[in-house]
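Worksheet: one structure, shown below.
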Amino acid sequence: MTAVARKQLPLRPAGPDTVDALLAWYDEERRDLPWRPKPGRAKHRRPDPYGVWLSEIMLQQTTVKAVIPYYLRFLTRWPTVEALAAASLDDVLAAWAGLGYYSRARNLYKCAQVVAYAHAGRFPETETELERLPGVGPYTAAAIAAIAFNEPVTPVDGNVERVVARLFAVRQPLPGAKRELKRLAGTLTPAERPGDFAQAMMDLGAGICTPRRPSCLVCPVQTDCAANARGIQEELPLRAVRAERPLRVGIAFVALREDGYVLVRRRPEAGLLGGMLEVPTTAWNDLMPPAREALRAAPLKADWWQVPGTVSHTFTHFKLELIVYRALVATDATLTFWAEPDRCRWLARRDLASSALPSVMRKVIAHGLTER
Ligand code: SF4
């Protein structure tokens with residue numbers, strides 16, 4: 001073998017030694033997270049499945065830093081799955097507000113009820129059974145099965161995909177490479193300590209094998225990493241070119257009553273932000289409706305005033321830009337047919353912060369109520 005060829009291969013290919021090195025590193029360097037048993041006790045105490053499930057649902061599409069205060073608040077308020085199941089959906093949605101992707105909160109609540117009432121408060125213990133629960137997809141099922149019940153499965157999310165793509169120098173672009181990356185992750189999953197292995201992979205991806213500038217020099221598996229041996233770690237994983245998110249636009253109406261109440265409306269149960277509160281808006285379409293036409297569809301007859309600027313928000317599949325109109329109205333103001341009055345109510349300004357308002361609507365109301 002030539003010197004050049006030797007340089008392009010890792011000292012040893014990723015395998016059982018990689019797993020041992022990673023677990024040894026995890027024992028020393030693991031992140032201290034509230035849903036993990038404290039270091040030194042992990043071998044003697046399994047994490048509480050309720051806490052693992054709650055954290056994993058919250059962590060979908062959100063960062064650890066953002067999740068921790070929500071996790072602690074939920075656990076204090078609803079310390080068991082039975083307590084969460086007995087809460088009201090409104091309270092759960094309000095406590096969730098700010099974490100985004102509200103269908104997750106609705107499924108969290110549904111799942112708590114299924115576990116509390118159909119499984120007598122005990123979470124199922126296998127990946128297959130867990131996947132049947134509302135809101136629990138393949139990744140979350142594998143994470144709970146591995147971490148809470150020590151089933152030898154490896155949850156594969158974006159972080160783990162990146163680590164595996166680099167360890168094995170996979171050049172097939174995502175998302176096409178997903179299946180292969182899952183298979184390769186499976187070849188590493190140990191029969192002993194699969195939960196710790198899963199969390200070690202998560203920690204490695206979050207802290208060392210980062211998307212940009214991975215810290216290969218301090219990486220516990222550097223000698224096993226094919227991408228590092230070839231110097232291509234920063235190029236991986238490759239991604240197929242992604243289409244731009246389309247832009248949708250609309251007009252939002254912030255009506256403030258003289259006694260300090262704001263008009264809100266509950267969105268339909270099905271669909272985006274299902275069941276959450278909003279201020280009335282026009283439909284979100286490709287083209288902005290002409291102002292005169294939009295004002296005819298305002299939720300009440302009033303002296304509407306266009307607030308300068310726009311509110312932008314990015315959803316998973318599209319970007320939204322809203323123009324905001326504001327009006328100050330009398331306490332006996334009557335809603336128009338366009339407001340869909342049976343879904344509307346007046347909410348005190350002081351209660352806005354604790355209501356089930358999604359981030360986009362918090363932005364709209366803040367924009368609409370800012371004194372100019
Ligand atoms: Fe990631 Fe570098 Fe470690 Fe390879 S050596 S797994 S690229 S941090």
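Taken over the stretch 320-353, the criterion of being among the aliphatic types (A, V, I, L, M) and farther than 25 Å from A291 by Cα is satisfied by L347, A348, L352, A353. Scanning the stretch 169-188 for residues that are part of a loop (DSSP other than H, G, I, E, B) and under 20 Å from R242 (Cβ atoms) gives V170, R171, Q172, P173, P175, G176, A177.
Residues that are in contact (Cβ under 8 Å) with a residue 60 or more places away in the chain and surrounded by fewer than 16 Cβ atoms within 10 Å (Cβ to Cβ) were ranked within the stretch 330-345; the one that is nearest to S103 (Cα to Cα) is R343. Of everything in the stretch 273-329 that is among the acidic types (D, E) and farther than 30 Å from A243 by Cβ, the residue that is surrounded by the most Cβ atoms within 10 Å (Cβ to Cβ) is E293. Figure legend. Inter-residue proximity from the stretch 190-217: first residues of a type in the set (S, T, Y), second residues within 12 Å of the ligand (Cβ to nearest atom) and in a loop (DSSP other than H, G, I, E, B), beta-carbon distance below 9 Å, spacing 6+ or different chains. Indicated pairs: S215/I208; S215/C209.
What do you reckon, is D20 farther than 17 Å from L167 by Cα, modelled with pLDDT of 90 or more and touching a Pro at 6+ places or on another chain (Cβ under 9 Å)? No, not satisfied. Given the criterion closer than 23 Å to E180 by Cα, of a type in the set (V, I, T) and more than 16 Å from the ligand (Cβ to nearest atom), identify the matching residue among V241, V249. Exactly one residue qualifies, and that residue is V241. Any idea which residue in the stretch 254-311 is farthest from W338 (Cα to Cα), counting only those that are of a type in the set (S, T, N, Q) and under 29 Å from the mean Cα position of the chain (by Cα)? Within the stretch 254-311, the match that is farthest from W338 (Cα to Cα) is T310. Out of curiosity, is L273 modelled with pLDDT of 95 or more and touching a helix residue (DSSP H, G or I) at 6+ places or on another chain (Cβ under 8 Å)? Criteria not met by L273.
The values are calculated or read from the model by the stated rules, or taken from the named source; none is laboratory data. Source: prediction; values computed, not measured. In this analysis, Cβ positions are derived from the backbone assuming ideal geometry, glycine residues included, and neighbour counts consider all displayed protein chains.
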